[in-house]
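Participant: Take a look at the following structure, please.
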Amino acid sequence: MKKTLGEKIFDVINGLLLVLMSVTMLYPFIYILAISLNEAADSNRGGIYFLPRKFTFDSYRIIFENKNLLGAAGISVSRTVIGTILTVLCSAMFAYVFTKPKYFIYKPMKVIFFIAMFLGGGSLIPTYMLYRTLGLMNKFAVYIIPGMVNLWFVILFRTYFTQLPAGLEEAAVIDGANELVIFFKLMLPLSTPMLATITLFSAVAQWNSWQDTLFFTTSESLKSLQYVMMEIMQKASASSMISMAAMKLGRVGRVQTVDPMSVRMAITIVTTIPIVLVYPFLQKYFIKGMLIGSMKG
Amino acid sequence: MNLSISKKVPVRKKHSSNIWQTMYRQRYLMLMSIPFIIWIFVFSFGPMYGWLMAFQDFDPNKGIVGSTWVGLKQFKLFFHNAEALRAVRNTVVISSMNIVLNNIVPLILALMLNEVGNMFFKSTVQTISYLPHFVSFVVVANLFLTLFGTQGPVNDLLVNIHLVAKPIKFWMDKNIFWYMVSFVNIWKEVGWGAIIYLASIAGVDPEIYEAATVDGCGRFKKMWYITIPSIMPTVIILWILSLGDIFNAGFDASYLLGNPATRNTADVIATYVYRYGIAMGMYSFSTAVSLIQTFIGFILVFFSNTISRKFTGYSLW
């Protein structure tokens, strides 16, 4: 098919606009990366836009040498790993039970589920009081237990399970397998695309979460990377720990190579990199998963 | 008569197999569901019990059972509190802007992507476009506070091309906060929002396009007369359903991007409730505020769902 002149012009403009949009999406990250890799004293003179001028890894060294920040990274990693495994397993298991209409409490269970879906949870203060009563305040468990089951994930998993060929499960039943075995040995291995999607969603949510730290903890040792970054961004006092570390490092080099700003940028990069590495490989899965979910919705 | 009874008997026997036997047979299902049902009762229904605080002068030491009941006092306080009403206004404005932009811009992006012939270019742009969706709001706030800071590249650019004489304090100006937040929100979610539109575009029957080509339709005509009408149902559903969020502006944006200088336009219900509830300990009052919020939100979802079912045939329930 031949294109008319108008169409060619349209293609060019369309392409240019899309490139412009992509640049808008990426540029903030490029800028932050450049600042985090540049000597702080030099950055303050301005003029850094794309590439670092005086290259240094010192801001990153501070992160990996600072005990508080390392501890925060530890919290972020452990809540992501433990929380994700638990959420994915529990949601999938619950979803599997929802594929069994013959289960004697299937109907009440379904009613409870939908009430919870539309009315449950939500409000901050009642939740706060509940966690206080349950003794979840200032415990690592507050990151894990309240998010153990995700009702939305249950729906996604259930939709996926019901689409699997029923014959496989029947065969397993004839072989004498119980539901627990069928779930772990058959359903989960057959659901890799869904598992990948939910794992990604859940891991990203855990890794990115910072509100629960703000609301439900006061303890220094429970702060996650996101939270520490938020503190540095919001409160000047929080940056004193960085400043001290920065001064120590700066003295050695006799130039101010690091300041709270450059460390803030370095933390931003460190918290972003895992996500940038993971999501492009999973995108064909999560697009599918999202569409299953929205069709149901 | 006898015959009919004798016919029923075996059936009844089967049914009356006692509940304990059923439970034993389904013990694995019970094992796999009862912990989660308990979890739902505690973590989903538990907070509902806390709503009662809205009708009390709640004292954490006495608990809900021991606190004094005050009826609607907290709600009356709310309607006489200028700061709370300001938070409501900001919530409605910010979320309305989000709803409008988050429905229109992703649609435009999807239509633009759909016109791209080169698959590699298309998928690259798409992959880049939803990167921000996966990044935490703390990172996003960090990026934009820096980028639009007084020493940031945006101000550098504006000064260098002599558009402004001195740097603009983007984040200190309460008059532009709403626009700044809208921009950040749309930047974060545009690519993600486009996924669903692209999928519904992909669902359009290719034969319709072929027929249109045979009839001599150009690309613009196809877009205008085929693509857009075909995805209209999706567009309408997303619009209507998002109306339920009008009383729900995110905590993240206002808390992370706002500051005392912009509080007049930045403070939304979520940040207000946090400030009065947790930071100041006015539990009952802030519970009342969020109860109102939840109630209106629920009514809006219900209404938009009803409207959606009536006009498009699609609904949540």
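Participant: Within a 10 angstrom radius of each residue's Cβ in B:60-69, how many Cβ atoms of other chains show up on average? Whole number is fine.
Facilitator: 1
Participant: Could you let me know the centre-to-centre spacing of the stretch B:155-219 and the stretch B:244-317, using Cα atoms, in angstrom?
Facilitator: 25 Å
Participant: Which FRET efficiency value, to the nearest 0.05, do you get for A:F104 and B:K76 by plugging their Cβ-Cβ distance into 1/(1 + (r/R0)^6) with R0 = 60 Å?
Facilitator: For A:F104 and B:K76, the calculated efficiency is 0.80.
Participant: Hey, another quick one. What percentage of all Cα-Cα pairs in the stretch A:129-223 are separated by more than 22 Å?
Facilitator: 48 percent
Participant: Also, quick follow-up: Taking θ = phi - 60°, what integer Hz values does the Karplus form 6.51 cos²θ - 1.76 cosθ + 1.60 yield along the stretch B:71-76, in sequence order, with x for Gly and Pro?
Facilitator: x, 9, 3, 4, 5, 5
Participant: Please list, in chain and number order, the residues 5+ apart from A:N38 or on another chain whose amide H is under 5 Å from its amide H, with Hs placed from the backbone.
Facilitator: A:T56
Participant: Continuing with this model, one more query. Sort A:L124, A:L5 by Cβ crowding within 10 Å, fewest neighbours at the top.
Facilitator: Neighbour counts put them in this order, fewest first: A:L5, A:L124.
Participant: Please report the spacing between the Cα centers of the stretch B:122-144 and the stretch A:1-72 in Å, no decimals.
Facilitator: If you average the Cα positions of each part, the centres end up 12 Å apart.
Participant: What are the extents of the Cα atoms of the stretch A:23-173 along their three principal axes, in Å, largest first?
Facilitator: Extents along the principal axes, in whole Å: 71, 43, 28.
Participant: Separate question: I need the phi-derived Karplus couplings for the stretch B:94-100: 6.51 cos²θ - 1.76 cosθ + 1.60, θ = phi - 60°, integer Hz, Gly and Pro marked x.
Facilitator: Those phi angles translate into 4, 6, 5, 4, 4, 4, 4 Hz.
Participant: Answer rounded, prolate or oblate for chain B, using the Cα gyration tensor with square roots of eigenvalues a ≥ b ≥ c: rounded when a/c is under 1.5, else prolate when a/b is larger than b/c, else oblate.
Facilitator: Judged from the Cα gyration tensor, chain B comes out oblate (a/c at least 1.5, b/c at or above a/b).
Participant: How large, in Å, is chain A by the Kirkwood hydrodynamic radius built from its alpha-carbon pairs?
Facilitator: Evaluated on chain A, it is 22.9 Å.
Participant: Here is a further query. Stick to Cα atoms and the Kirkwood definition of Rh, then tell me Rg/Rh for the stretch B:195-317.
Facilitator: 1.21
Participant: Right, another one. Report Rg (one decimal) and Dmax (nearest whole number) for the protein assembly as shown, counting Cα atoms only, units Å.
Facilitator: Reported Rg and Dmax, both Å: 27.5, 106.
Participant: Sorted from fewest to most neighbouring beta carbons within 10 Å, what does the list A:K107, A:K139 look like?
Facilitator: A:K107, A:K139
Participant: Given the options B:L31, B:L131, B:L241, state which has the largest fluctuation in a GNM of chain B using a 10 Å cut-off (strictly under) for Cα springs.
Facilitator: Between B:L31, B:L131, B:L241, it is B:L31 that shows the largest mean-square fluctuation.
Participant: Taking the C-alpha atoms of the stretch A:87-169, how large are the radius of gyration and the largest Cα-Cα span, Dmax, in Å?
Facilitator: For the stretch A:87-169, the Cα-based Rg and Dmax read 15.4, 48 Å.
Participant: Let me ask something else. Residue farthest toward the positive end of the dipole of the protein assembly as shown, with Cβ of Lys/Arg at +1 and Asp/Glu at -1: which of A:I182, A:I269, A:G15?
Facilitator: A:I182
Participant: Quick query: amide H of B:Q56 versus all other amide H atoms, modeled in the peptide plane; which residues come in under 5 Å with a sequence gap of 5 or more or a different chain?
Facilitator: Long-range HN contacts for B:Q56: B:V70.
Participant: Rank B:N90, B:N305, B:N160 by mean-square fluctuation in a GNM of chain B with C-alpha springs under 10 angstrom and give only the top-ranked residue.
Facilitator: Between B:N90, B:N305, B:N160, it is B:N160 that shows the largest mean-square fluctuation.
Participant: May I pose another question? In the neighborhood of A:V12, defined by Cβ-to-Cβ distances under 12 Å, what is the net charge if each Lys or Arg adds +1 and each Asp or Glu adds -1?
Facilitator: -1
Participant: For B:G250, what residues show an amide H to amide H distance below 5 Å, using hydrogens built from the backbone and excluding near sequence neighbours?
Facilitator: none
Participant: For the stretch A:181-188, just list the computed ³J(HN,Hα) in residue order, Karplus coefficients 6.51, -1.76 and 1.60, θ = phi - 60°, integers in Hz, with x standing in for Gly and Pro.
Facilitator: 5, 4, 4, 6, 8, 10, 5, 4
None of the figures in this text is laboratory data; all of them are computed from the coordinates on show. All values derive from a computational prediction rather than experimental measurement. Reconstructed Cβ throughout: ideal geometry from the backbone, glycine too, with neighbour counts over all protein chains shown.
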